[in-house]
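The next block holds one structure in the form of structure tokens; read it before the comments.
Here, each number is a calculation from the coordinates, and none is a lab measurement. Values in this document were obtained by computation on a predicted structure and should not be read as measured data. With ideal geometry, Cβ positions are generated from the backbone for all residues, glycine too; neighbour counts draw on all protein chains shown.
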Amino acid sequence: MINGFLFNFFIGIFGLYLLYNFFITSDIIVFSLIFLVGILFFAVALFGFIGLIILFYWNALVVIRRKTHSLANLLTLILAVLMTIWLIYDSFIIQMLPEWATLLLSVLPAMFIYFVIAFLNFFSASVLYQFNQPSYSQDFIIVLGAGLVGGDKVSPLLANRIQRAITFYYQQRKNTRHPVKFIMSGGKGHDEKVAEAVAMKKYALQQGIQEEDILIETNSTTTLENMQFSKEIIDRSEITDPSVIFSSNNYHIFRAGIFAKMAHLKAEGIGSKTAFYYLPNAFLREFIAIIAMKRKFHFTMVTLLGSGLLLLSIISQFSS
């Protein structure tokens, strides 16, 4: 998430520069820009928390109506409930708690802000990744598998991944005529009749792709294994220093890119479109997965932050 952090840091520095520039030059354009940003910040600070709660409840309702009621599809609802509890606590309950309990709970807002900043860094990095445009000189396109419908049919989500890869395939043929092969990557889940890669190949054949242009990898069960086992296929090819891209949904390509690096696979991602209503849940799930990958680091940071603030609160309490 370092790219997201650097981007947000740059935005912050640029804002400070504008403020400094206004004090030096009194430029009316700079003042207008600062004023508009200030109004926006004030509106977000005033209505943002409650607005987010309402937005998350509405999104949860839409997702529940259209998707299965799995935990992964209820993340916005869970977050909305937690935010509601915090709002009630901060507005009413905190006044009825004993002083020692208030002192202990005073670290929670700082922890919340820590994860908000971490999410903003993650989200910025993910958005920046969407602007990646691989050259039309690829040798392999890895299509990452996803769950099948009825155990043997490509789901709409997976179809979007394949279609994104097919679009790039035809664009490359039109622009450079450089030959490229698909690697359909996905194993057989416990509730699936065939390996995902087999169903993906069948779908691609129905879309007019030639069979000789499709390779399949049928052993992977995770994104990391997608990358590792696909790399084994690529390494067995006779191509020296192959160029590789992978196709997944737009919200997933940032984390998939991390797994590609972990597998020592030099590959860029191209993202397929995702239904707008599903994006909040999808990005929350990806963020939680990213945090889990670095859980020791984040646990240490949160522990140090919480301990430091609690210590300062205790010192302040005794000195007053």
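Overview of values
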quantity: Residues 229, 246 arranged by fewest to most Cβ contacts within 10 Å; calculated: 229, 246
quantity: Amide hydrogen neighbours beyond the local backbone of residue 153, cut-off 5 Å, H modeled; calculated: none
quantity: Extreme residue, positive dipole direction of the stretch 183-320, given options 315, 227, 185 (C-beta unit charges); calculated: 315
quantity: Contour excess over end-to-end distance, with Cα ends at residue 207 and residue 170 and 0.36 nm allotted per residue; calculated: 12.2 nm
quantity: Order of 102, 76 - criterion: other Cβ atoms within 10 Å of each residue's Cβ, fewest first; calculated: 102, 76
quantity: Ranking of 264, 298, 252 by count of other Cβ atoms within 10 Å, fewest first; calculated: 264, 298, 252
quantity: Cα centroid separation - the stretch 91-138 against the stretch 254-319, whole Å; calculated: 8
quantity: Relative contact order of the stretch 140-274, defined on C-alpha pairs under 8 angstrom at six or more residues apart (%); calculated: 29
quantity: Inter-label distance for residue 71 and residue 241, nm, one decimal - labels placed 7 Å from Cα along Cα-to-Cβ; calculated: 4.6
quantity: FRET efficiency, 1/(1 + (r/R0)^6) with R0 22 Å, evaluated for residue 304 and residue 97 via beta carbons; calculated: 0.30
quantity: Cα gyration tensor shape for the stretch 140-274, rounded if a/c is under 1.5, else prolate or oblate; calculated: rounded
quantity: Protection-proxy order for peptides 192-204, 49-61, each taking the mean of Cβ atoms within 10 Å per residue, highest first; calculated: 192-204, 49-61
